[in-house]
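Since the structure comes first, as C-alpha cells, the remarks are kept for the end.
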Amino acid sequence: MGRTLAEKVWDDHVVRRAEGEPDLLYIDLHLLHEVTSPQAFDGLRKSGRQVRRLDLTIATEDHNTPTLDIDKPIADPVSRAQLETLRKNCADFGVRLHSLGDVEQGVVHVVGPQLGLTQPGTTVVCGDSHTSTHGAFGALAFGIGTSQVEHVLATQTLPLARPKTMAITVEGDELPEGVTAKDLILAIIARIGTGGGQGYILEYRGPAIEKLSMEARMTICNMSIEAGARAGMIAPDETTFEYIKGRDHAPKGEDWDAAVAYWKTLKTDEDAEFDAEVVIKAEELAPFVTWGTNPGQGAPLSASVPDPASYEDASERLAAEKALEYMGLEAGQPLRDIKVDTVFVGSCTNGRIEDLRAAAAIVEGRKIADGVRMLVVPGSARVGLQAVSEGLDKVFKEAGAEWRHAGCSMCLGMNPDQLAPGERSASTSNRNFEGRQGKGGRTHLVSPQVAAATAVLGHLASPADLSEADARTPAGV
Amino acid sequence: MEAFTTHTGRAVPLRRSNVDTDQIIPAHWLKKVTRDGFEDGLFEAWRKDPEFILNKEERVGATVLVAGPDFGTGSSREHAVWALQNYGFKTVISSRFADIFRGNSLKNGLLTVVLDQKVVDALWELTEQDPTAEITVDLRERQVLAEGITADFELDENARWRLLNGLDDISITLQNEGDIAAYEADRPAYKPRTVQV
Ligand code: SF4
C-alpha cells in the first residue's frame with residue numbers, strides 16, 4: 001500500500017525501530033530560543049555533555065525582545081536574564097545565535113525559512129508549539145518540551161511514537177476573492193475544534209492549497225497546533241522549490257539537483273490511506289474572525305456573536321458563556337459592530353513580508369481611526385529591512401501606525417507590548433486565550449487584511465467594507 | 001542522572017495529604033533559568049512558619065520525605081522535582097502520588113516509593129518520636145527498612161532498571177550510538193546545515 005507524505009518523511013528518519021519501543025527519529029534541524037532552552041543547557045552542563053551537532057542547531061532571540069529602543073539595555077530584569085542566559089549558553093557550547101540587532105534575528109519560525117534552512121523532507125523541532133509552521137515546506141516539524149530539547153542537543157534524535165494522519169482537503173479551484181489563508185485555517189479550526197487534530201499529523205491538500213504562496217502555507221501550518229494537531233504539512237512543489245532556491249542555506253549546484261529529485265518524491269501516494277479525512281469547500285469560505293477565547297470560537301465576519309444557548313453540547317455552551325463574559329460581548333451582536341482599541345500585525349502566523357504588504361496596501365492613503373493604536377511588528381529583522389526598502393514603513397507611519405522592531409511582541413506580551421485590562425485587539429497572531437496579550441486583554445484573531453481594515457474603521461471590518469465607506473465619504477474629507 | 005541502588009537517611013515526616021506542585025514550588029519560581037537553586041522555593045509558603053517541620057533543627061540534612069497521600073497533584077511543572085532534589089531529598093514515600101509528578105520524578109532520578117498508608121503511619125510515628133531514626137530504601141531488593149519496619153514496594157521493571165543504572169532518556173538513547181552514527185554516515189549531502197561549510 002502507498003504511504004502518506006508524513007509517513008514517507010517519518011520513515012526516512014528512523015534511526016532505530018524495535019518492537020514495543022517508540023521509534024528513534026533523527027532530527028535534521030533544531031531551532032532554539034531563550035524561553036525553553038535554559039534548563040536544557042543546564043542539564044547538558046550537569047552531565048558533562050556537548051551539543052552533538054552544532055551544524056544542525058541554531059538559536060535566535062524573540063519572545064522577550066523589545067520592539068522599541070533595541071539599542072538600550074532591556075528594562076525588565078527577567079527578560080534580560082533569559083536573553084543573557086541564551087547568549088552565555090550559545091557562547092559556551094558554540095551554538096550559532098542571532099541576537100537582537102542582528103539582521104537574522106526574529107521569530108524563530110520566520111528565521112528558519114528565510115535562511116533556507118527549512119527544507120522539504122526534513123525533521124524540524126523547537127521548544128515551541130508553533131514549530132508546525134515549517135510543515136508548509138513538506139517538513140515534519142513539531143514543538144517539544146525542555147527535556148526533549150536537551151535530548152536533541154545531546155543526541156540529535158528523539159524517541160517518538162508515530163502519530164496518525166489526517167487529510168484536510170480544500171475543494172475548489174482557489175480561495176474566493178478577499179479570502180486569505182488565515183480565514184481558511186480559522187474556519188478549519190472552527191469546524192474540527194481545538195481538539196479535532198489531537199494525535200494527528202494534518203496534511204492540507206487540494207488545488208486551492210496548491211495555489212497558495214509559501215507565506216500563506218506557513219500561516220495555515222502554523223495554526224495546526226490550535227486544532228490540537230502534532231504537526232501540519234503541505235506537499236512541496238514548484239512554489240516551494242522557487243522559494244528556497246538561492247537562499248543562504250539552500251543546496252547549491254549538484255546538491256540542488258539531488259535535493260529537488262528527492263523533494264519531488266514527497267507526495268502522498270494515490271493509494272495511501274489517511275486515518276481521518278476532512279473536506280472543506282473553498283467556495284463557502286469568507287473572511288473569518290474569532291469572538292471567543294480559543295481559536296475554535298470563530299465565525300464569518302458577516303455573522304453575529306453566537307448565542308451560547310444554541311450549543312447542544314453542555315461543555316461547549318458553558319465555554320461560550322464564559323468566553324462572552326470575558327470578552328465583554330452580547331449574544332446576537334453583529335461582529336462588525338465590535339470596536340477595537342488596538343490592532344496588532346505581526347507574529348509567526350502573519351508577520352512575513354507578504355502579510356505586511358497586504359496590510360500596507362489597505363492602509364495606504366488612509367488614516368487609522370481615532371483612538372485606535374496599530375502596531376506593525378515584522379516577524380524578523382530581515383523582513384523589517386525588506387519592508388523598509390519597499391517603503392512599507394512609511395505607508396504605515398503616514399496612516400498613523402507604529403512601526404516596530406522584530407520579535408514575538410504582542411503575540412504573547414512577554415515584552416512591554418501588551419494590552420491593558422479590558423482593552424480589545426484585532427490581532428493577526430494565533431492565540432486568543434484569556435490574558436494572552438496582557439492581563440484582562442481581549443483578542444480577536446484576524447487576517448492582516450481584516451486587521452488593516454479594522455484599524456481604519458475602528459471596528460472589525462474587511463477591506464470590502466472599506467471601499468463602501470470610501471464611496472460614502474466625499475473625496476478629500 | 002545519578003544511579004539509585006540503596007539509600008539510608010534521616011526523614012522528614014510530612015503529615016499532609018494532597019500536597020500539590022504549587023505548594024511544592026510556587027509559580028513565581030518558574031522564571032528561573034537553571035535546574036538548580038530551587039531549594040529556597042521548596043514549600044515556600046509553609047516555611048514562613050518557624051514551626052513547620054522542615055524548619056526544625058533536628059530535620060536539617062534529612063534526605064527521605066515521608067508524605068501523605070496524593071503527593072504532587074496539580075500543575076505538571078518539572079520544577080517541583082528539581083526543588084525536592086535541590087533541597088537534598090533522594091526519595092519520597094507516600095501511599096499515592098499524582099501521575100505526572102511520579103513520571104517527572106523517575107525521569108529525574110528522584111525515587112518515589114508507594115507504600116501502604118499503614119506503613120506510612122508507622123514511619124511517621126517512628127521518625128516523629130526519634131528524629132535520628134534512619135530509613136533505608138533499597139531499590140535492588142525493592143524494600144523499605146526502618147527500626148521494626150520491613151515493607152516491600154513495587155516499581156515497574158523498566159523504571160527500576162533505569163534508576164539502578166542511572167540511565168536517563170538521553171543515556172538510553174546514547175546506548176544506540178552505533179545506530180545514530182550509521183544513520184549520520186548515510187545522510188545525504190544536500191541536507192541543510194546551520195554553519196556554512
Ligand atoms: S510569534 Fe507568538 S506564537 Fe509565534 S513563536 Fe512568538 S510567541 Fe510563539
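The values are calculated or read from the model by the stated rules, or taken from the named source; none is laboratory data. Fair warning: this is a prediction, and the values are worked out from it, not measured in the lab. A quick note on method: Cβ atoms are made from the backbone with ideal geometry, for glycine too, and the neighbour counts reach across all protein chains shown. Note: areas computed on protein heavy atoms with side chains; ligands, DNA, RNA excluded. Shrake-Rupley method; radii C 1.70, N 1.55, O 1.52, S 1.80 Å.
Within the range A:420-443, is there a residue that is of a type in the set (A, V, I, L, M) and within 15 Å of the ligand (Cβ to nearest atom)? No, the range A:420-443 contains no residue that is of a type in the set (A, V, I, L, M) and within 15 Å of the ligand (Cβ to nearest atom).
Could you tell me whether the range A:99-111 includes any residue that is within 30 Å of B:Ala185 (Cβ to Cβ) and within 16 Å of the ligand (Cβ to nearest atom)? Taking every residue of the range A:99-111 in turn, at least one turns out to be within 30 Å of B:Ala185 (Cβ to Cβ) and within 16 Å of the ligand (Cβ to nearest atom).
Given the condition within 16 Å of the ligand (Cβ to nearest atom) and either in contact (Cβ under 8 Å) with a residue 40 or more places away in the chain or within 23 Å of A:Asp470 (Cβ to Cβ) (or both), answer yes or no: does some residue in the range A:387-398 qualify? For the range A:387-398, residues within 16 Å of the ligand (Cβ to nearest atom) and either in contact (Cβ under 8 Å) with a residue 40 or more places away in the chain or within 23 Å of A:Asp470 (Cβ to Cβ) (or both): absent. All of B:Phe89, B:Phe101, B:Phe153 fail the test of being farther than 26 Å from B:Pro26 by Cβ and in contact (Cβ under 8 Å) with a residue 12 or more places away in the chain, apart from B:Phe153.
For the range A:317-358, the set of residues classified as part of a helix (DSSP H, G or I), touching a strand residue (DSSP E or B) at 6+ places or on another chain (Cβ under 8 Å) and more than 16 Å from the ligand (Cβ to nearest atom) consists of A:Tyr326, A:Met327, A:Leu335, A:Arg336, A:Asp337, listed by residue number. Just one of the listed residues (A:Arg3, A:Arg52) is facing chain B (nearest Cβ under 10 Å) and either over 30 Å from A:Leu412 (Cα atoms) or within 16 Å of the ligand (Cβ to nearest atom) (or both), and it is A:Arg52. Looking at A:Asp62, is it more than 9 Å from chain B (Cβ to nearest Cβ) and buried (at least 23 other Cβ atoms within 10 Å of the Cβ)? Here the answer is yes, as A:Asp62 does meet what is asked. For the range A:405-423, a residue qualifies if it is open to solvent by less than 20 Å² (accessible area, probe 1.4 Å) and touching a residue at least 40 places away in the same chain (Cβ under 8 Å), and the qualifying residues are A:Ala406, A:Gly407, A:Cys408, A:Ser409, A:Met410, A:Cys411, A:Asn415, A:Asp417, A:Leu419.
A Cβ distance below 7 Å, combined with a sequence gap of six or more or placement on separate chains, defines the contacts here; from the range A:128-141, residues that are in a helix (DSSP H, G or I) reach residues that are away from the ligand (no atom under 12 Å from the Cβ) and among the basic types (Lys, Arg) in the pairs A:Ala136/A:Arg217.
Within the range A:128-157, restricting attention to residues that are over 14 Å from the mean Cα position of the chain (by Cα), within 13 Å of another protein chain (Cβ to nearest Cβ) and within 26 Å of A:Pro378 (Cα to Cα), the residue that is modelled with the lowest pLDDT is A:Ile144.
Yes/no per residue for (1) open to solvent by 40 Å² or more (accessible area, probe 1.4 Å); (2) more than 7 Å from every other protein chain (Cβ to nearest Cβ); (3) without any contact (Cβ under 8 Å) to a residue 60 or more places away in the chain; (4) not in a loop (DSSP other than H, G, I, E, B):
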| residue | (1), (2), (3), (4) |
| --- | --- |
| B:Ala159 | no, yes, yes, yes |
| B:Leu167 | no, yes, no, no |
| B:Ser171 | no, yes, no, yes |
| B:Asp179 | yes, no, yes, yes |
| B:Ala185 | yes, yes, yes, yes |
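Kindly indicate which of A:Ala190, A:Ala227 is within 19 Å of A:Leu445 (Cα to Cα) and more than 16 Å from the ligand (Cβ to nearest atom). It is A:Ala190.
Determine whether the range A:302-315 contains at least one residue that is touching a Gly at 6+ places or on another chain (Cβ under 7 Å), open to solvent by less than 60 Å² (accessible area, probe 1.4 Å) and in a loop (DSSP other than H, G, I, E, B). Checked the range A:302-315: at least one residue is touching a Gly at 6+ places or on another chain (Cβ under 7 Å), open to solvent by less than 60 Å² (accessible area, probe 1.4 Å) and in a loop (DSSP other than H, G, I, E, B).
Specify the residue that is most open to solvent (accessible area, probe 1.4 Å); the eligible residues are those in the range A:240-277 that are in a loop (DSSP other than H, G, I, E, B), within 14 Å of another protein chain (Cβ to nearest Cβ) and under 30 Å from A:Met1 (Cβ atoms). It comes out as A:Lys264.
Of all residues in the range A:144-181, exactly one satisfies the criterion of being buried (at least 20 other Cβ atoms within 10 Å of the Cβ), outside any helix (DSSP H, G or I) and within 16 Å of the ligand (Cβ to nearest atom), namely A:Ile144.
Within the range A:15-46, restricting attention to residues that are within 16 Å of the ligand (Cβ to nearest atom) and more than 10 Å from chain B (Cβ to nearest Cβ), the residue that is nearest to A:Ile58 (Cα to Cα) is A:Leu32. Residues in the range A:84-114 that are part of a loop (DSSP other than H, G, I, E, B) and within 17 Å of the chain's Cα centre (by Cα) were compared, and the one that is farthest from A:Leu140 (Cα to Cα) is A:Gln105. Of the helices (runs of 4 or more DSSP H) lying entirely inside the range A:368-477, the ones with 2 or more residues being over 21 Å from A:Thr65 (Cβ atoms) and among the charged types (D, E, K, R) are found at A:392-399, A:463-472. Of all the numbered requirements in (1) open to solvent by less than 10 Å² (accessible area, probe 1.4 Å); (2) part of a helix (DSSP H, G or I), A:Ala187 misses one, and that requirement is (1).
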